1. Of B:202, B:150, which residue is under 19 Å from residue B:243 (Cα atoms) and either acidic (Asp, Glu) or touching a Leu at 6+ places or on another chain (Cβ under 8 Å) (or both)?
2. Please work out which residue is surrounded by the fewest Cβ atoms within 10 Å (Cβ to Cβ), limiting yourself to the range C:73-87 and to residues that are facing chain A (nearest Cβ under 9 Å) and not aliphatic (A, V, I, L, M).
3. Taking the range C:88-105 as the search range and keeping residues that are more than 12 Å from every other protein chain (Cβ to nearest Cβ) and in contact (Cβ under 8 Å) with a residue 40 or more places away in the chain, which one is farthest from residue A:224 (Cα to Cα)?
4. Please indicate, with yes or no, whether at least one residue in the range B:218-227 is at pLDDT below 85 and hydrophobic (A, V, I, L, M, F, W, C).
5. Quick one: residue C:122 ticks every box in (1) touching a Cys at 6+ places or on another chain (Cβ under 8 Å); (2) more than 8 Å from chain A (Cβ to nearest Cβ); (3) free of Cβ contacts under 8 Å to residues at least 40 places away in the same chain; (4) of a type outside the set (Ser, Thr, Tyr) bar one, so which box is it?
6. How do the pairs read when you match residues in the range B:117-144 that are over 23 Å from residue B:178 (Cα atoms) with residues anywhere that are in a loop (DSSP other than H, G, I, E, B) and of a type in the set (Asp, Glu), using Cβ under 7 Å and keeping only pairs 6 or more apart or on different chains?
7. Is there a residue in the range C:27-39 that is within 14 Å of chain A (Cβ to nearest Cβ) and touching a helix residue (DSSP H, G or I) at 6+ places or on another chain (Cβ under 9 Å)?
Amino acid sequence: MNIFEPENKKLVESEQDFVVNVGPQHPSTHGVLHLKIKLEGETIKAVQPHLGYIHRSIEKMSEAGSYRQFSYLTSRMDYLSSHMNNQACALAVEKAIQVEVPERAKVIRILMAELTRLASHQLWWGAMGLDLGAITPFFIGFRDREEILEIFEDTCGTRLTMNYVVPGGVMVDLHPDFQKKVVAFLGRFKKRIKEYDDLVTGNIIFEQRTKGVGVISAEDAISYGCSGPVARASGVSCDIRKLHPYDGYEKLEFKECIETEGDCFARYKVRMEEMKESVKIIEQLIDNIPEGDFQAKTKNVLKPPKGEWFTRVETARGELGVYLISDGTMKPYRVKFRSPNFSHVSALEHMSKGGKIGDLVAIMATLDLVIPDVDR
Amino acid sequence: MYDFSGVTRGIHEFLSGHFSPLGVTLWEMVIAGVVLLLSLVLIAFTLGYMERKVAAFMQLRLGPNRVGFRGTLQIVADTLKLLFKETFVPQAADKMLFNLAPIIMVVVTMLSLAPIPFTETLQFYDMNIGVFYVSAVTSIGVVGILMAGWSSNNKYSLLGAMRSGAQIVSYELSAGLSIIVIVALSGSMQFSEIVQSQANGWWIFKGHIPVWIAFVVFLIAGTAELNRAPFDMAEAESELTAGFHTEYPGMRFAMFLLAEYLNMFILAAIGATLFLGGWMPLHIGNLEGFNKVMDFIPPLVWFMGKTFLIVFIIMWFRWTFPRLRIDQLLTLEWKFLMPISLVNLILVALAVILGLHF
Amino acid sequence: MNNEELKNFVAAHCPEAVAEENTEWLNVVVPHDKVRDLLFTLRHDPNTELDYLFCLSGVDWKTHFHVVYHLESKRHKHIVVVKAKVEDRNNPEVPTICDIWRTAEFHEREVFDLFGIRFTNHPDLRRLFLDDTWGFPLRKDYQDDVTIVSL
């Protein structure tokens, strides 16, 4: 049923053009991203992303589920920050049915979200090392991530797609060992983050590979819809936790990490700083989790009035928006997820044009792409 | 004390009693070939196991520990697995070159092992241009890589092959120049004479700063010639999936692996022979007692110990550093290593002419 | 600017715009042929300077389509939601805005892919996720008897 003729931007113009398919199975795309790159020698002339290999039409499926059900699908979008995805959906539904979330649930949500951010950044750090050819960081990053996942497993029962945040609060109360384990982990991690710096940050080859590579200016970053660490590395203040606080982030003291260079190294520094800030946030909350309910009383079947709501959440990769439209029935009329990676993929060509193949890998590593979030 | 000449003489006399002179030569060649091949396989297995263990301990892992004693037989199991794998050739590949490339790689590697002195008497062929021969023969290896990359008819392979062509041709200069430093100092290209010239002290100790520079340059350029991280441009698994051997399955792939490990061993052996005194034991000035104890350690142990020390350093590089980009790689060679080693060579030449060295 | 000022600003530049009531941010519905001019003004006028397009979505209201633009100003910190109303279901067309916000290129391709709304003058309007023979799954009249089991 192709009623429109596709206008194809032609990649191959002459026989001289050397077009390489990077992906859909490729070690550095971390998933099924398919890039067609046009090369001249080693220099990249054009990058054309081909998406859809893992498109599951989560937006369409959300229209078939109830208001309680659709957020479970979102764990499978950005599977490394599944917690924040659930949180964004829960916030949207709470806005729609106007439920006040108990304090304890809010604190638990923030704790879980920041632990997720830590775990996600640890994985990014390891995978980035792998992409740049250093294999050892991968194992160190995964060692620390493993401990966080164990903490999640205690409370949520799962390690990756937690589905822990539900409209009105969180699904179950914290595991009795949660506090003890988190405190012990933070004590270890604060020492280990120095190891991260020792191994990678000061390495001259690493700095050569990342400094001045994949530069995106602040104006371009905004225009391309970049968010999260990518935009902050270009000097754009865009932390939703600061600009549009949710779930009590306004009460916490933390710094928005901003660099101005806009290159891969700046993105690296922003993420390293964010890990330290996340540790600070968790430390502020872990010793005073308020007592009380972990979930507000809600009806079994949620029926928001007619209307539309938009919530924005800062995930580990950037700004996740949930655009929820209700027609007054028990199913959402339309759900749109604004995913950070989708915008980052569109900026990929701008960043990597004129660079080498090695630069493309470094850029993809520091954009921290998660492909299921791009395709949805 | 530890002498293999008795063994070799015994074999020679035994054969002379049974065969004509031509037959003796042929039989000796067969025996030497078998011994060489067996030792090569043994060395490659050892290095494979060592690499896995070194990598594992640097990466908070245990490494192979199930097959055999502490996983020592893992590499044998892997080789058997690779042997049984289907060896298919891609339809679009140039079949002759595709099959020839791994063979070239391995043959070249084996050739370059001939003049290396394991001990004073354990040396396959002590030719008078040994150093020159080794650097000449190892440079044929790049032909194998180019052949593999071209004949696979795969864009990644081609990119990898072109990269490694540029890389090996460039880094051969620095490696060669740093070897010439030792040739200039010892006044010979024969490995046995180079080792003998270090009887009163290894070149790394008595050569002072120029030799230290040459040693560092040699290590860097050698690692680059081996196509190992941080210079593994030709493979670059996160950029080019597997580079020039993307399309190679089963035993053909294993031959590339074998060549890589043997090349690493040869490089380390040359480094140990030229800079660290080969099989010469460590002697310190007039400490007679100490020197006696050192002499007591067999020369083969000395040689292998030094070689594996350098191998360990090369492995250490690989598991610690990120990969360079191709243009940075060539910049490093042409703008830094090459000028440094040229100036260094001039310094050494002056020192030799003026008789300033020991 | 607050919502009231923004509303007046939009009304001054686009008289056809209809503001929706009881919304968190200012929502204005604009006919599809006027939307490009309005968005261009909102982006470049120093008083609004909505430089960050953080969401572009399509909505099928059964009788008509909406293309919804969520815009934020990094400098003034205000948010405006502009909805382009497309009446023609058989041949829906909206002018592209990917020269105003670069991110719109991919977002418009996504909307084209899932709703079949054609963005005129788009440099590279191809299906993004699905193949060319697929229907437009997010339309409410989309039928797929093979993969969707309706209860």
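1. On the way: B:202 fails: under 19 Å from residue B:243 (Cα atoms).
Going through B:202, B:150 in turn, the sole match is B:150.
2. Filtering first and then ranking leaves C:77.
3. Just the residues of the range C:88-105 that are more than 12 Å from every other protein chain (Cβ to nearest Cβ), to begin with: C:88, C:94-95.
Okay, now just the ones that are also in contact (Cβ under 8 Å) with a residue 40 or more places away in the chain, so C:94-95.
Numbers: C:94: 20, C:95: 19 Å.
Ranking the qualifying residues of the range C:88-105, first place goes to C:94.
4. At the first step, the residues of the range B:218-227 found to be at pLDDT below 85 are B:225-227.
When the remaining residues are screened for being hydrophobic (A, V, I, L, M, F, W, C), the result is B:226.
Checked against the condition, which is being at pLDDT below 85 and hydrophobic (A, V, I, L, M, F, W, C), the range B:218-227 yields at least one hit.
5. Failing condition for residue C:122: (2).
6. B:121/B:3
7. Yes: the range C:27-39 contains one or more residues that are within 14 Å of chain A (Cβ to nearest Cβ) and touching a helix residue (DSSP H, G or I) at 6+ places or on another chain (Cβ under 9 Å).
Let's see how each residue does on (1) under 27 Å from residue B:124 (Cα atoms); (2) buried (at least 24 other Cβ atoms within 10 Å of the Cβ); (3) acidic (Asp, Glu); (4) within 22 Å of the chain's Cα centre (by Cα):
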{"position": "B:150", "(1), (2), (3), (4)": "no, no, no, no"}
{"position": "B:187", "(1), (2), (3), (4)": "yes, no, no, no"}
{"position": "B:198", "(1), (2), (3), (4)": "yes, yes, no, yes"}
{"position": "B:202", "(1), (2), (3), (4)": "yes, no, no, yes"}
{"position": "B:219", "(1), (2), (3), (4)": "yes, no, no, yes"}
{"position": "B:229", "(1), (2), (3), (4)": "no, yes, no, yes"}
{"position": "B:246", "(1), (2), (3), (4)": "no, no, no, no"}
{"position": "B:251", "(1), (2), (3), (4)": "no, no, no, yes"}
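The values are calculated or read from the model by the stated rules, or taken from the named source; none is laboratory data. Owing to the predicted nature of the structure, the values given are computational and were not obtained by experimental measurement. Neighbour counts are summed over all protein chains in view; Cβ atoms, including those assigned to glycine, are modelled from backbone coordinates with ideal geometry.
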